[in-house]
Amino acid sequence: MLNLAVESVDSAGLPQHSVSGNEGKLLHLLARLQRARTILEIGTLGAYSTIWLARSLPNDGQLITVEVNLDHAEVARANIERAGLAELVELREGHGLEILEQLSNEKKGPFDLIFIDADKRNNPQYFEWSLRLSRQNTLIIVDNVVRGGDVIDPQSNDASIRGVRELFEKLSSDSRVSATAIQTVGSKGHDGFILAIVNDE
Ligand code: DHB
Ligand code: MG
């Protein structure tokens, strides 16, 4: 089923931005370690990471995933159904920041695990919203925070790099979380995840 998800992302011409197999498995293991029952994902693409994460959930668990691109959402919906996960996964179409506000207004959460993998320039804002949708010990994971090492360039004008750097800057002095970055290497090259755990009040 995961191979079918990869193939459909390829054949539908979606960007090659899904997490790799080893990263998907790491997300799955982290969700199991966290004993997550509720997961929020920002940035669905073709639902490849969604499927890895949703497979960690108990039968009464729930994953909400947010996708801004309607073509991507259509591919994702088909992949979620084909994986037999339609009962566990709710796909919301719209911009991450708007949907996060909507979830907050609906009093959704707190989520046990939040995976941020959308437009990188908005990472700091996604992180702030994630904290509002969290509890003590929620695990927040952010994708693409190394980007082949480009993230260490303080002069970069790339909006994605700047978004990631701004988030690192914020985390270095934010007592609301304990965070680190873990580098990954594999079929998607050299990249990494931020792992952040929400501290006590
Ligand atoms: C990009 C986005 C991703 O989520 C990813 O995993 C790799 C690359 C990008 O926008 O370049
Ligand atoms: Mg990504």
Over 26 Å (Cα to Cα) among Lys25/Lys107; Lys120/Lys188; Lys25/Lys170 -> Lys25/Lys107; Lys25/Lys170
Restricting to the chain, what percent of DSSP beta bridges are antiparallel, rounded to 5? 45
Grab the Cα-Cα distance for Met1 and Glu128, subtract it from 0.36 nm times how many residues apart they are, and report the gain in nm with one decimal. 42.4 nm
Integer Hz, Karplus 6.51/-1.76/1.60 couplings in order for the range 170-176, x for Gly and Pro: 4, 5, 5, 10, 9, 6, 6
Using only the alpha carbons, work out the radius of gyration and Dmax of the range 84-201 in angstrom. 14.8, 46
If Lys and Arg each add +1 and Asp and Glu each add -1, what is the summed charge of the other residues whose beta carbon sits under 12 Å from the beta carbon of Ser172? -1
Per 0.36 nm of contour for each residue apart, how much would the distance between Gln155 and Ser173 grow if the chain were fully extended, relative to their Cα-Cα spacing? 4.4 nm
Cβ neighbours within 10 Å, averaged per peptide: list 8-14, 114-120 in order, most packed at the top. 114-120, 8-14
Estimated dipole of the chain in Debye, rounded to 20 [Cβ of Lys and Arg +1, of Asp and Glu -1, Cα centre]: 500
If you average the alpha carbon positions of the range 109-133 and of the range 55-78, how far apart do those two centres end up, in angstrom? 16
Once the other residues with Cβ under 14 Å from the Cβ of Arg82 are scored (Lys, Arg +1; Asp, Glu -1), what is the net sum? -2
Using Cβ contacts closer than 10 Å as the measure, can you line up Glu166, Glu90 from fewest to most? Glu90, Glu166
Treating only Lys and Arg (+1) and Asp and Glu (-1) as charged, each at its beta carbon, one finds that the range 101-201 has a dipole about its Cα centre, in Debye to the nearest 20, of 80
Can you check what the net charge comes to around Leu29, using other residues whose Cβ is under 15 Å from the Cβ of Leu29 (Lys, Arg +1; Asp, Glu -1)? +2
Could you list which residues have their amide H under 5 Å from that of Gln62, counting only those 5 or more apart in sequence or on another chain, with H placed in the peptide plane? Thr38, Ile39
Under-5 Å amide H pairs with Thr184, H placed in peptide plane, nonlocal only: Asp191, Gly192, Phe193
Say each of Leu70 and Glu101 gets a label point 7 Å from the Cα, pointing the same way as Cα to Cβ; how far apart are those two points in nm? 2.1
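Each reported figure results from applying straightforward, stated rules to the coordinates on display, with no laboratory input. Given the structure is predicted, the values throughout are model-derived calculations rather than measurements. With ideal geometry, Cβ positions are generated from the backbone for all residues, glycine too; neighbour counts draw on all protein chains shown.
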